[in-house]
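First up is the structure itself, then whatever we jot down about it.
The values are calculated or read from the model by the stated rules, or taken from the named source; none is laboratory data. Here the structure is a predicted model, which means the values were calculated and not measured. Backbone-built Cβ (ideal geometry, glycine too); neighbour counts: all protein chains shown. Each accessible area value is taken on the protein alone, full model and side chains, heavy atoms only, with ligands, DNA and RNA left out. Shrake-Rupley method; radii C 1.70, N 1.55, O 1.52, S 1.80 Å.
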Amino acid sequence: MTLRAEAQPPQTEPSARVRRFGRTERWVHRTTAALMGICVFTAACLYIPQFAELVGRRELVVRVHELSGVVLPVPVLIGLFFRGFRVNLGFLNRFGPHDRVWLRGALMRDKRRSARPAGKFNAGQKVYANWIAGATLVMLGTGLMMWFTHLTPIMWRTSATFVHDWLALTIGIVLGGHIGMALGDPEARAGLRTGSVSREWAKREHPLWKP
């Protein structure tokens, strides 16, 4: 009788990369970033004399600024029709005890891995996402008051202009920090560009995330 060795299934190692974002999330991020960039650039051309001299055609710049600001929330609204995007919004809007630990570690500049526990999104990303969403809505509301001047009293328009201008400056500073953080993390940028990140990076930067 011939003995046949039982075939053993091949041992496969886990993939070196894990999926982080789907096509919808990447499209929403890119489109929103492009519209935000147009808003910031046109605002700079309206308020900084040196930029205004280089560009000229102030009326056209005003119209581009207004239109880009009005459509800024549209990519997010479209993304809400897709389940993957809604799931990620749920992660961004949900704060847990580990997020307080992360924020405390960030404030204390504690670089230890145990001081920076994070799920799919860390606490800094959650704070930024919620703040920029709220700031965008305030900018949209105050911008509409400034655009349709006949709909509101002059006191409202004056207050709206004050809030709009100073909040715009704050957004510019915060966006600069956001871009700086992104430039310092190539793997995070790759996740938004390709949709996947290395498993090693995921375990190191987001140890509580279970992809």
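Quick check: anything in the range 94-111 assigned to a helix (DSSP H, G or I), touching a Phe, Trp or Tyr at 6+ places or on another chain (Cβ under 7 Å) and surrounded by 14 or more Cβ atoms within 10 Å (Cβ to Cβ)?
First, the residues of the range 94-111 that are assigned to a helix (DSSP H, G or I): 97-107.
Of the ones still in play, those that are also touching a Phe, Trp or Tyr at 6+ places or on another chain (Cβ under 7 Å) are none.
Within the range 94-111, not a single residue is assigned to a helix (DSSP H, G or I), touching a Phe, Trp or Tyr at 6+ places or on another chain (Cβ under 7 Å) and surrounded by 14 or more Cβ atoms within 10 Å (Cβ to Cβ).
State all residues of the range 187-211 that are open to solvent by 80 Å² or more (accessible area, probe 1.4 Å), under 19 Å from R26 (Cα atoms) and assigned to a helix (DSSP H, G or I); if no residue qualifies, say none. Please lay out each step first, then the result.
Step one: filter the range 187-211 for residues open to solvent by 80 Å² or more (accessible area, probe 1.4 Å), giving 189, 193, 200, 203-204, 208, 210-211.
The next check asks that each one be under 19 Å from R26 (Cα atoms); those that pass are 189, 193, 211.
Within the range 187-211, R189, R193 qualify.
Would you pick out the residues in the range 65-83 that are open to solvent by less than 60 Å² (accessible area, probe 1.4 Å) and either farther than 16 Å from T31 by Cβ or not in a helix (DSSP H, G or I) (or both)?
Hits for the range 65-83 are H65, E66, L72, P73.
How many residues are open to solvent by less than 100 Å² (accessible area, probe 1.4 Å), modelled with pLDDT under 85 and either in contact with a Cys (Cβ under 6 Å, 6 or more places away or on another chain) or of a type in the set (A, V, I, L, M) (or both) if we restrict to the range 1-51?
4
Among (1) open to solvent by 60 Å² or more (accessible area, probe 1.4 Å); (2) closer than 24 Å to M36 by Cβ; (3) not in a helix (DSSP H, G or I), where does F121 come up short?
F121 satisfies every listed condition except (1).
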